[in-house]
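The structure appears right after this line, and notes come after that.
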Amino acid sequence: MTTAPITASEGTTTADAHLDHGHHPDLRMFGVATFLVADGMTFAGFFAAYLTFRAVNPLPEGSTYELELLMPTINTVLLVVSSFTFHRASKELMASRMGACRGWLLVSALLGVAFLGGQMLEYFTLPFGLTANLFASTFYALTGFHGLHVTLGALMILIVWWQARQPGKFTPQDHFGIAAVELYWHFVDVIWLVLFALLYLL
Amino acid sequence: MTASLTPIAEPTPAPSLQPSGWLRYFSFSLDHKVIGLQYIVCGFLFYFVGGALAGVIRTELATPISDFVSREVYNQVLTLHGTVMIFLWIVPVVNGGFGNYLIPFYVGARDMAFPRLNAVAFWMIPPSGLLLISSYFVHGGAAQSGWTAYPPLSLTTPATGQILWILSVLLLGGSSIFGGINFIATIVKFRQPGLKMMMLPMYCWAMLGTSILVVLATPVLAGTLILLSLDIVAHTGFFNPGLGGNVVVYQHLFWFYSHPAVYIMVLPAFGLVSEILPVHARKPLFGYVTMVYSIMAIVILGLIVWAHHMFTSGTPPWMRLFFTIATAFIAVPTGIKFFNWIATLWRGRLALTTAMLFSCAFIIQFVFGGITGVALAQVPFDVHVHDTYFVVAHFHYIVYGGTVFVIFASIYHWYPKFTGRMLNEQLGHLHLLLTVIGFNLCFGPQHWLGLNGMPRRVAEYDPAFTFVNQLSSVGALMMAISTLPFLINVIYSALGGPMAGNNPWRALTPEWLTSSPPPVENWRGAPPLVTEPYGYGHNGSPIDLQTASGRDLWSTEP
Ligand code: HEM
Ligand SMILES: [Cu+2]
C-alpha cells in the first residue's frame, strides 16, 4: 500500500487511491439520459403502430375514435404542473433549503398520484374495453404503458423524498438521485403531451 | 493525486468482497475482463447448443421426406436454432464479450463506466437462455414461428412456448440495451485525458456505432413483442387480421429492429478485423478517417432500410423504390471498408497466422454475402427468391462467413492476452481449413437451391433437390468436426501452451502494453496514452495518419 500521507479529506478514497479511482467522472446522468432515449424509442414504436393502424385499418361499424376530453385535460394540467413543482424542488435543493425541497417533491408525487387516479376514473367510465376494437386496444396499451411509467415515477419521487429527510444525503453538489428522477419525470411528462395530442386530439 | 502515488511495485488489490481465482468467473464480478470472458464462454456454450440444433435440421434435410423428427419438432428446432444463434451467441459475444474485454483498455480506463450495470447485463443472459431452451419441454413445446415470430403464425402455434420465447427475447434485449448504454458512456465520456476520439482503435468506433443502433432499435422490438404477447394472452387484435388488426405493422416494427440487428452482429466484427489486420500485416490501418465515417453512415442508413425484408408483403411501389435505393446505398460505406482492408494488406509484411487467415476468409466470404445482399435488395429479383434458401445462404455467408469467422480470428488473436499462453498454430490451421471447406460446402449450394425454388423453413422438399441438400448436410458435418481441433487447442493450450509474454504479436494497442493476463486494474501504474494505435512499419518519424495519402502509406517500407 501507499506510504504517502493521508489527509483527512482523502480518507474515504484511500483504500484504492493508488488506483486513481477518485478521478472518474460521474457519468450516471449521462447513463440515465441514454436510457431515456431508449425508452422514448419504445414509445416511438407504439406511436408509429398507432398512426399506421389509424391510417390503414378502418374500425368496425359503430365504433368511434371520439373520447371524452375533460378528464384527460385535467390530467394533462396536473402532469405539467408537477413538472414545474419538481423543477421548483430542484431550485430549493440548489439553495440548500431541504425542507422546502422535500415539500415540493411531495407535491409533485401527489400530483402524479392524482393523475393516476384520474386515469383510473377514465378507464372505468369509458364505453369500451381492452378488446373492443383496434383503437380500444391501442388506447389501453399506450395509456397503460405510460401509466406504468407514471407509477414508477411517483414511487421514485417518494423514495427520494424519503431519503432527503436525512441531512447531507442530497447536497447542491451531489444529488444524483433527485436529478435522475427529475429528468425521468420531465420525460414522462413530454411523452404524455405527445400521447395526448395523438390519442385525444387527433 | 495519481502522479505521486503511481510507482508502486505490486499494488495490493483493493480489499473487496469480490472472489479471486477461477471462482470469480462464476461470480457477480465487476471486473470488465472477467465479464468479457463470461460473455465469451457462455456464448460458446450456447453456440454448441445452437450447433446441435443445426445438426438436427441438416439431418432432417438429408432426405426429402420428414423422417428424422416430426414437423412440429422441426419447426421448434428451427426457431430455437435461429434465436439461440442470434441472441445468445453472436450478439453477446461480439458486443458484450470482446467489447467488455477490450474497450476499457482502448479508452485507457480501468473498467467500464458502469461496472455494476455491466454485471447485471451479463447475468441476465444465462437465465434467459435457459428459459428459452427449457420452453422445449413445456406443454406444446417451444415456439414454432421462427426467429421472426411473424403473426398470425405466432398467434396460432402453441401459446406457452411462444410466450416463453417472448419473455426470453425481452430479457436478452434488455441486457443488450444496458450493455449499449455502458459502451456509449465508456467510449464517449470515459476516455483518459488526452485521448481524442480520432485516436481510438477502430473497434471503439464500431462499438459506438453498434451501441447507438442497440439503444435506438432494440426498444422498438421490445414494444412490439409486448403488443404481440397481449395478442396472445389478452386476445387483443393488434396483429390479428381476424380481429381487425394488421400483420404488416408487426413486420415493419420487427424489421425496424432486426435490420439494424444484422449490423449489431456485423459492425463489431468489422471493428475486430480492423484491429487484427494491421498487427499481422505490420501496416497502419488504411483509411482510418473513411472507416469512421463509413461506420457512422452504416448506422444512419441501417436505420432506414428495414422494409427490404418486406418486398412481398404488399408494400406499395413508392416504398419498394425507396427501400431498394436506400439499401443499395449501404453497399457504398461497406465497400469503402472492404477496400480499406485490402489496402491495409497491400504490400504489408503478412504473417500468415491463424488469426490473419481467418480474417482473410472473412473478407472474401463477407463480400460474397454482401453481393447477394445487394442482389436481394432489387425488387424484381427478390420477389423470386424471397423466403427461399437463397436468403438463408445470403445471411449465413454474412453471419457465419463474416461474424463467426471473425470471432474465431479474434480468439486466435487475443487468446494469448486472455490466458497468457499461445494457441497451437498447426491445430489452428487445421481448424481453419475444415471450417472454410465445411462452411462453403454447407451454404454455397444453398444459393442454387434457392434460385431453383426450394422454400426455406420446410422439413420436406422436392426430391429433385436431394443431392444438393445432402452436399449441404455433409458440409454441416464438416463444420461440426472442425470445432474439435479448436476445442482441443483451446483446452490443451490453456494448460500447456507456450508462454505468450506481454506482447507476442508486437502490437501497439493498449491491451498489449500490460502483462498477460492483465492485472485486475489493467496496468500496474498509469495507463499508457496510445495516440497512434496503428503506427506500424515506420521507424523514427511516424507518418501523420490523418493527412497521409495512400501513396505515403504504401511507399513506406514495412
Ligand atoms: C450490403 C449489405 C446487405 C444487403 C444489401 C442486404 C440485403 C438483404 C435483403 C434485401 C434481405 C431480404 C431478403 C428476403 O427476405 O427476401 C436480406 C436478408 C437478410 N440479411 Fe442481408 N443484406 C446485407 C447485409 C447483411 C448483413 C451485414 C447481415 C448480418 C450480419 C445480413 C443478414 C441478413 C439476414 C439475417 C437476413 C434474413 C432475415 C430473415 O428473413 O430471416 N445482411 N438482406
Ligand atoms: Cu436487412
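The values are calculated or read from the model by the stated rules, or taken from the named source; none is laboratory data. Every value quoted in this text rests on a predicted model; they were computed, and no experiment measured them. Please note: Cβ atoms are built from the backbone with ideal geometry, for glycine as well, and neighbour counts cover all protein chains shown. For accessibility, only protein heavy atoms count, side chains too; no ligands or nucleic acids. Shrake-Rupley method; radii C 1.70, N 1.55, O 1.52, S 1.80 Å.
One table, with the values for the structure above:
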read-out	value
So B:GLY82, is it surrounded by fewer than 24 Cβ atoms within 10 Å (Cβ to Cβ) and at pLDDT 95 or above	yes
Residues satisfying the stated conditions in segment B:372-392, i.e. more than 15 Å from ligand 2 (Cβ to nearest atom) and under 25 Å from B:THR435 (Cβ atoms)	B:TYR389
B:GLN144 being open to solvent by 20 Å² or more (accessible area, probe 1.4 Å), away from chain A (no Cβ under 14 Å) and assigned to a loop (DSSP other than H, G, I, E, B)	yes
Test result for B:PRO527, open to solvent by less than 60 Å² (accessible area, probe 1.4 Å) and outside any helix (DSSP H, G or I)	yes
Test: residue in segment B:249-262 that is part of a helix (DSSP H, G or I), more than 12 Å from every other protein chain (Cβ to nearest Cβ) and either of a type in the set (D, E, K, R) or over 30 Å from A:PHE139 (Cα atoms) (or both)	yes
Residue within segment B:300-311 that is in contact with a Lys or Arg (Cβ under 7 Å, 6 or more places away or on another chain), open to solvent by less than 10 Å² (accessible area, probe 1.4 Å) and part of a helix (DSSP H, G or I) present	no
For B:GLY237: the one exception among (1) assigned to a helix (DSSP H, G or I); (2) more than 22 Å from B:THR509 (Cα to Cα)	(1)
Cross-chain or 6+ apart pairs with Cβ under 8 Å, segment B:306-327 first and in contact (Cβ under 8 Å) with a residue 60 or more places away in the chain, then of a type in the set (Val, Ile, Thr) and near ligand 1 (Cβ under 10 Å from one of its atoms)	B:HIS308/B:THR324; B:HIS308/B:THR327; B:PHE311/B:VAL379; B:PHE311/B:VAL383; B:THR312/B:VAL383
Residue count for segment B:364-413, restricted to those that are touching a Lys or Arg at 6+ places or on another chain (Cβ under 8 Å) and either of a type in the set (S, T, N, Q) or buried (at least 22 other Cβ atoms within 10 Å of the Cβ) (or both)	2
Subset of segment B:191-221 that is within 14 Å of another protein chain (Cβ to nearest Cβ) and modelled with pLDDT under 95 - its residue that is nearest to B:LEU167 (Cα to Cα)	B:ARG191
Of all residues in segment B:328-355 being touching a residue at least 40 places away in the same chain (Cβ under 8 Å) and of a type in the set (Gly, Ala, Ser), the one that is farthest from B:LEU423 (Cα to Cα)	B:ALA328
Matching residues in segment A:151-195 - criterion: being of a type in the set (Phe, Trp, Tyr) and open to solvent by 30 Å² or more (accessible area, probe 1.4 Å)	A:TRP161, A:TRP162, A:PHE176, A:PHE187
Members of segment B:393-414 that are closer than 16 Å to B:ASN452 by Cα and near ligand 1 (Cβ under 8 Å from one of its atoms)	B:HIS394
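Residue by residue, here is whether (1) open to solvent by 60 Å² or more (accessible area, probe 1.4 Å); (2) modelled with pLDDT under 90 holds:
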position	(1), (2)
B:PHE467	yes, no
B:SER472	no, no
B:LEU495	yes, no
B:THR531	yes, yes
B:HIS538	no, yes
B:SER555	yes, yes
